[in-house]
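The values are calculated or read from the model by the stated rules, or taken from the named source; none is laboratory data. Not measured: the values here are computed from a predicted model. Cβ placement follows ideal geometry from the backbone for every residue including glycine, while neighbour counts extend to all protein chains displayed. Only protein heavy atoms, including side chains, enter the accessible area calculation; ligands, DNA and RNA are left aside. Shrake-Rupley method; radii C 1.70, N 1.55, O 1.52, S 1.80 Å.
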Amino acid sequence: MAGAEGDDSLYPIAVLIDELRNEDVQLRLNSIKKLSTIALALGVERTRTELLPFLTDTIYDEDEVLLALAEQLGSFTVLVGGPEFVHCLLPPLESLATVEETVVRDKAVESLRKISQEHSPVDLEVHFVPLVKRLASGDWFTSRTSACGLFGVCYPRVSIMTHTFESTLITAVMHFRTLCSDDTPMVRRAASSKLGEFAKVLELDYVKSDIIPLFTALASDEQDSVRLLAVEAGVSIAALLPQEDLEDLVMPTLRQAAEDKSWRVRYMVADKFSELQKAVGPEITKNDLVPAFQNLLKDCEAEVRTAAANKVKVFCESLPEDSRETIIMTHILPCVKELVSDTNQHVKSALASVIMGLSTILGKDNTVEHLLPLFLVQLKDEYPEVRLNIISNLDCVNEVIGIRQLSQSLLPAIVELAEDAKWRVRLAIIEYMPLLAGQLGVEFFDEKLNSLCMAWLIDHVYAIREAATCNLMKLVEKFGAEWAQNTIVPKVLGMANDSNYLHRMTTLFCINALSEVCGQEITTKHMLPVVLKMSTDQVANVRFNVARCLQKIGPVLDSSALQAEVKPVLEKLATDQDMDVKYFALEAISGMYLFNLPTYIFSETFSFSSILFFFFSFSLSP
Amino acid sequence: YSFVLFCLCSVPLCLRPMQVFTKTKSEIYLFFNLVCDPADVISTVEFNQTGEFLATGDKGGRVVIFQREPQGEYNVYSTFQSHEPEFDYLKSLEIEEKINKIRWLPPHNPAHFLLSTNDKTVKLWKVSEKDKRAEGYNLRDEEGRLKDLSTITTLQVPVLRPMDLLVEASPRRVFANAHAYHINSISVNSDCETYLSADDLRINLWHLNITDRSFNIVDLKPENMEDLSEVITVAEFHPHHCHLLAFSSSTGTTRLCDMRARALCDQHAKLFEEAVDPSRRSFFSEIVSSVSDVKFSHSGRYLLTRDYLTVKVWDLNMENKPVETYQVHDYLQTKLCSLYESDCIFDKFECTWNGTDSVIMTGAYNNYFRMFDRASLRDVTLEASREVCKRRAVLQPRRVCVGKKRKETDVSVDSLDFRKKILHTAWHPKENIIAIAASNNLYIFQDRLTPNGHHNMPEIQSAPPK
């Protein structure tokens, strides 16, 4: 690398290398992130012999630096000389896989998994497998937890042709077994969470003879945190086994998990219920999972009920078609009915977010008879979140029974939410307004909801007013310009004469939002005169918003209106007393290319500085 | 005959930065121990899981860690400032830096981890050793001077060279903003990934890797603070069962909660409470029954509780009365009035088990501490003070008498010094080594070795019959 011209080209790299040890973490981090540049400059040989040994010992650094290092090393194969030398990356990653910080270890394991793919089968056996064994029998739990994540990737690739394959596999299973019965719960947790993945790469016979006992042991561990992770492993294992073995090998354990003493384990079962359902197939679902699901829905812990309530729709959807309706009607629906009047708001709101989905599964008659009463109860729930969740999913019901059935109860619920004391609740209901309008139709909307939408425009919270203007735009998109002209525009424009300047500004914001969807005619005929008139408002905030508004609606207007009406007003605003008004007027003028340069210069009313300003912006903008 | 303790070392913990030692005032108290800086008063003592390390926290927010040398003595390993005084501007409250509790985490890797807490914030510290240093810069020489750029013709990768051992303490996590009241306990769960922190009214559950969220598992706060009838005094996890936790209250009860049953543990699984004889009720009954410390035995079967006058051992299977009750300083019964006036009655004494759960230790006044052998029911009072704790000197039992002195060495109740109190004690998890914090002094005592090098069975020399 050295040479006559060395100084210049070496300098930036020398800085990078020196900054690997800078006091400032940020500089070290930057340097680590450019590790590939350093390696490239050093060449493959020196990277292997000097850089990597140095990195192997720098595990005392801050987490973020180590994290970046662990990530970099995952894509370092080319820089150490290609797949042939990829094993040189193992020592630094091995030391990173033993640090105490979980994110760093996980990243190191991820990189190890990545580079394991680049090892030849022989290298894998000579270098990688011993590393996994070393980690698995390390003194500290950190290295043993890291080992758990590596079994799954290295064994499938140890070639079947090599005579040691069988023995390698057996030792792997043996090591994994040791990890599953480790003294520390941390390692057992890691083993528990990787068991499913390891099972996937083993042959079925090994799964049956070796993995199942491990799974059973972990699922009855004394630590709740180990047992709950075993649930997930159980799901993966169940997916691997043929139907006839499920009943004997995994179902007893899974049944036990669904009735575990610890609510956290039951929560996990509820949370993974749809995966479980998929893995065990329709027969076991019918016989086992349905009662288990009923129990979870009736669980004494609200967290578990919440998790189960979230799964109601997916569970019902994936029930075998032939018996779906009967199962729902006789087993699930009674539990759902109870949940509707649950004492816990989270349970109810979880249910409200999925319950509407049942109507498509059950069809019109059942929906009207059984579900509709539940919807109505939830629409009157004391917690706004429950009501909101029902309203946000109205489209499902609309498809099945039409919304008319609900509209009588819907209206009071909407009105109440619209007037809720918490502005976040009001904001949430505004966001569903366009959806509701679409479902309920224009007539119903005009009659019942229009006044609400207008009331939001004068809400005392800005976020609500802003959302309300946006809502108007979406409504016009739905109902068309003519509807807008008849219902919304007059009311919006009427606010221009309000005594409160905030309301007058709302008019401008509405015009900003509506001009495009309303089209040229309405904008020119109805809106523009109002805007122009407001340019003489007493309040400067209104005046500069006029300027901004004019800029915004400019593209919608035709050029004659621009020249004849907008131009003089903006010119006048550009001479306003107020700095901000001036600024926005000039901005509007330059933004719209309203005038060509000469006219502008001869205009007497402009001061020198604004001309300069104009020049400046003009020269920049094209 | 012997639980004969001799003084292993006694360390005045005036571990201020070195330069302070040169100041006259500090020197005075270093040598004569006359004036004690309040910041140096030790507020917690805790051995780690192996007993190789001992940590103390003080009122000045410092943590001092001692390491046991191969010869058996404990020497300072690391000192760091864990908490600083703060001011809560929202509530206009000063937050003291005093370390309320320290708890060691089970060993992860060569470094050591501990949790320390003041009234509001729990911190996770890593104490690690560094014995290598990188050398060789490209652009500077070893003295840090910039090199002439024209001399740089090759790139140099730094090399690691051995150096003197450096012990560093670095804050790994800060668990803040979860407590409205003062934190009185922290306890690491046996799953090694969660811990609890308890304040006067609530207990929160944390994940050791997550600092921005904690779960409230116990909440005693009534709707109306005027209905407040009890506060949480201590909370601790069971040593083996990850789902069990015990917490005690100012009303003298200790509750056992099962975290498996519910996410919120407001309803207890068991309530340990002894009925008080109504005839013995007095104004002070409730105050002295307030539980100041709770410790699970190492076996996990028993609970040790300390109230003002007694230590009690409870079997987890029997809620209505303790299996053993030991009087710590029964002679104070008649002095409660003056103790109330001096606020001493609110002192929070800690208690501790020995490694095999056969002996119990707790502190008392006048720099005395008490030990109770559960099998022989013998007890002993010992004193930890600069005068008696000469190096390698054997501790002599003390006796407090209520009436006339019967022996020369007896001490009358009236001459007890109530300002000298031993609140914090710790017992080595495996050996008969104890650590006693008395004001700003830390005393470490060890059971005398028998000639063959083994420790004696912990048998307490009996106190003379009354």
### Summary
Within segment A:493-510, of all residues that are within 17 Å of residue A:462 (Cβ to Cβ) and of a type in the set (A, V, I, L, M), the one least open to solvent (accessible area, probe 1.4 Å) is A:508
### Check on residue B:284, in contact (Cβ under 8 Å) with a residue 60 or more places away in the chain and not charged (D, E, K, R)
yes
### Task
Look through A:372, A:406 and report the one residue that is open to solvent by less than 10 Å² (accessible area, probe 1.4 Å) and part of a helix (DSSP H, G or I).
A:406
### Query
Could we say that residue B:415 is open to solvent by 30 Å² or more (accessible area, probe 1.4 Å), more than 20 Å from residue B:295 (Cβ to Cβ) and not β-branched (Val, Ile, Thr) here?
yes
### Query
Taking segment A:309-364, which residues are of a type in the set (Ser, Thr, Tyr), closer than 20 Å to residue A:291 by Cα and open to solvent by 50 Å² or more (accessible area, probe 1.4 Å)?
A:318, A:326, A:330
### Task
Please verify whether segment A:252-259 includes one or more residues that are within 14 Å of another protein chain (Cβ to nearest Cβ) and in contact with a Lys or Arg (Cβ under 9 Å, 6 or more places away or on another chain).
yes
### Task
Just name the residue that is nearest to the other protein chains (Cβ to nearest Cβ) out of those in segment B:201-254 that are touching a helix residue (DSSP H, G or I) at 6+ places or on another chain (Cβ under 8 Å) and either within 16 Å of residue B:351 (Cα to Cα) or open to solvent by 40 Å² or more (accessible area, probe 1.4 Å) (or both).
B:209
### Query
Just a yes or no: is a residue in segment A:55-70 at pLDDT below 90, within 14 Å of another protein chain (Cβ to nearest Cβ) and within 15 Å of residue A:146 (Cβ to Cβ)?
yes
### Query
Taking segment B:189-209 as the region of interest, how many residues are under 20 Å from residue A:223 (Cα atoms) and part of a loop (DSSP other than H, G, I, E, B)?
7
### Query
Which of the following residues is at pLDDT 90 or above and hydrophobic (A, V, I, L, M, F, W, C): A:141, A:151, A:165?
A:141
### Query
Of all residues in segment A:558-583 being assigned to a helix (DSSP H, G or I) and polar (S, T, N, Q), which is surrounded by the most Cβ atoms within 10 Å (Cβ to Cβ)?
A:563
### Message
Residue pairs, Cβ under 8 Å, 6 or more apart or interchain, first in segment B:255-269 and facing chain A (nearest Cβ under 9 Å), second at pLDDT below 90 and open to solvent by less than 40 Å² (accessible area, probe 1.4 Å). List them.
### Response
B:258/B:265; B:259/B:265
### Message
So, residue A:102, is that one touching a strand residue (DSSP E or B) at 6+ places or on another chain (Cβ under 8 Å), within 30 Å of residue B:113 (Cα to Cα) and either open to solvent by 10 Å² or more (accessible area, probe 1.4 Å) or among the hydrophobic types (A, V, I, L, M, F, W, C) (or both) or not?
### Response
no
### Task
Report yes if residue A:102 is within 14 Å of chain B (Cβ to nearest Cβ) and touching a residue at least 24 places away in the same chain (Cβ under 8 Å), otherwise no.
no
### Query
Failed condition for residue B:275, given (1) open to solvent by less than 10 Å² (accessible area, probe 1.4 Å); (2) assigned to a loop (DSSP other than H, G, I, E, B), with all others met?
(1)
### Residues satisfying the stated conditions in segment B:94-117, i.e. within 14 Å of another protein chain (Cβ to nearest Cβ) and free of Cβ contacts under 8 Å to residues at least 40 places away in the same chain
B:108, B:109, B:110, B:111
### Query
Which of the residues spanning segment B:129-178 are at the interface with chain A (Cβ under 9 Å from one of its Cβ atoms), part of a strand (DSSP E or B) and closer than 20 Å to residue A:47 by Cα?
B:134, B:159, B:160
### Task
Just give me the residues in segment A:7-49 being surrounded by fewer than 16 Cβ atoms within 10 Å (Cβ to Cβ), hydrophobic (A, V, I, L, M, F, W, C) and either more than 11 Å from chain B (Cβ to nearest Cβ) or in a loop (DSSP other than H, G, I, E, B) (or both), in sequence order.
A:25, A:40
